[in-house]
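See below for the structure under consideration.
A short reminder: the numbers here are calculations on the coordinates, not readings from a lab. This one's a predicted model, so the numbers in the text were calculated from it and none came from an experiment. Methodologically, a virtual Cβ is constructed for each residue, glycine included, from the backbone with ideal geometry; neighbour enumeration extends over all protein chains shown.
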């Protein structure tokens, strides 16, 4: 008999059974200090962000008894108070007591929650709770043999722990979503395997919940489904679902299902939109850890004091459809001021942007103008340098020509002195007879020979020998003779001669003439001149004749000389002009070509 009815042994088993309760449920209760079926009556117990969500002060009381019919089965009592604030920083307090056999756990927490609005009936809440919990053991229910149990010793030594949870909730009109970290600190529990205190990782637990209110019958009735999903570190995830119907916002009833705990029926009433009373009854559990015994729960929630105006509200006690929030004059004035500030800020930004763009455009224009001026200055400097170089070269050429002229005069003088010793012999310069002007279709006008400045040679005495006379520059052969060349060289206009081009009388002829204001005035540049005319008709006739002979000829006027010039080339490089002049002077038709520079 003693084998089967060993009372000390039965008492020890009773202790182990109590510790078993601790092991089975301390993990769950450590992760969230309350585990009520009617959590929606006071959602602040589930999620600290709901502190002050009712829009007025709320006092709530809840009691749950687990496993009816079993002595010293778990029970939970929760008392909470939370309130909104005009600053949107709401607050709350909660006391919770749980008893499981000889073990009792009491916790106290304080909460803060903040609300951020994003428009009418669109807002987010943040909540945080912290506190402490104390574990006590009723030693009066234990004998001396139980007192020596090592698990009991560890439980007594570790009797104080920190509590804390954090929550976030989203509210979009009638839809509400929430996220909860049920324990911010590592919870402890007693293991029956090692009889030691062990810890759980707090971040391995998470609660997700959602609900939506469907209004029907002209908003007199409401159907609100709930869904809760619990993730427990090291344990299987748990799903809980509930559905509640509110009739005329006075009576409510519904059912719920929690995985591994079975179904529950629930119902209650609401009085004057201030007091809500509810009860639930859980059927026999169906999980592997169940003791096949029902549970019941009581809920009470009471609204205190006046309701804050113009705040978002989510409340189980008052389920009437939220009305549009009427903003106060101060709020409207503040919003108007804010809008005006935004408009003024946008206007200033637009003006600043416009000014910046104008400044940038002005800077670009200034940079462009400076660049153009710089380029123009470079061009002018280059042109001045080229002109100076050209004048220097021309001065050198004139100097060399003058030297050759002086040498020729000196030679003539020497020969004249030698001729004084011989009989005088006067040789008259041979004057060629001018030919008649060639008859052409345009009937060129006969003019006197072109006269240009010439350098006179010293007149020698008559009784001297033959003297070489330098032909004058002006109209060496006359206009009619020059026009006659068109017909004379018609068969072979580019025919060359064998004479030395540098021995020609006008080999270094280069005239500088200032530009005038005639409508056909020659432009600035260096020209290879092949004919000078007093008549523009003859000049045009000669130029057209050269063009017909496949030469690139043209003509123009010089006011200072009052003459018309026919030229084969115009360039801005004196070197190019000289080289091309020498090429043309090798031709019989242009053996007397010379250079002309038109300057300012």
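Students often check this: by mean Cβ neighbours within 10 Å, which of 209-217, 387-395 ranks highest, and how do the rest follow?
Highest to lowest by the protection proxy: 209-217, 387-395.
Compute the distribution of all C-alpha to C-alpha distances in region 212-323, in bins of 5 Å from 0, and list the percent of pairs in each, rounded to whole numbers.
Calculated over all Cα pairs of region 212-323, the distribution is 2, 10, 17, 19, 18, 13, 10, 6, 3, 1, 0 percent.
Give me the distance in nm between label points sitting 7 Å out from Cα along the Cα-to-Cβ direction at residue 237 and residue 172, one decimal.
Going from the residue 237 label point to the residue 172 one covers 2.1 nm.
For region 46-110, what value does the Rg/Rh ratio take when both radii are computed over Cα atoms and Rh is the Kirkwood radius, given to two decimals?
In region 46-110, Rg relative to Rh is 1.12.
At a Förster distance of 22 Å, what's the computed FRET efficiency of residue 579 paired with residue 517, Cβ-Cβ distance as r, to 0.05? Can you show the working numbers first?
Values: r = 32 Å, r/R0 = 1.44.
Here the calculated transfer efficiency is 0.10.
Can you tell me how much longer the chain between residue 70 and residue 376 gets when fully stretched, taken as 0.36 nm per residue apart minus their C-alpha distance, in nm with one decimal?
99.3 nm
Please give the residues of region 574-597, grouped as numeric ranges, whose backbone N is less than 18 Å from a label point set 7 Å along the Cα-to-Cβ vector of residue 389.
Under 18 Å, as judged by backbone N against the label point of residue 389, lie 574-580 of region 574-597.
Assuming R0 = 45 Å, what is the FRET efficiency of residue 271 and residue 345, from their Cβ-Cβ distance, to the nearest 0.05?
Efficiency, from the Cβ-Cβ distance: 0.30.
From the convex hull of the Cα coordinates of region 302-390, what is the mean projected area in square nanometres?
Result: 11.0 nm².
Using a Förster distance of 45 Å, how high is the FRET efficiency between residue 352 and residue 203, based on the Cβ-Cβ distance and rounded to 0.05?
After rounding, the FRET efficiency stands at 0.40.
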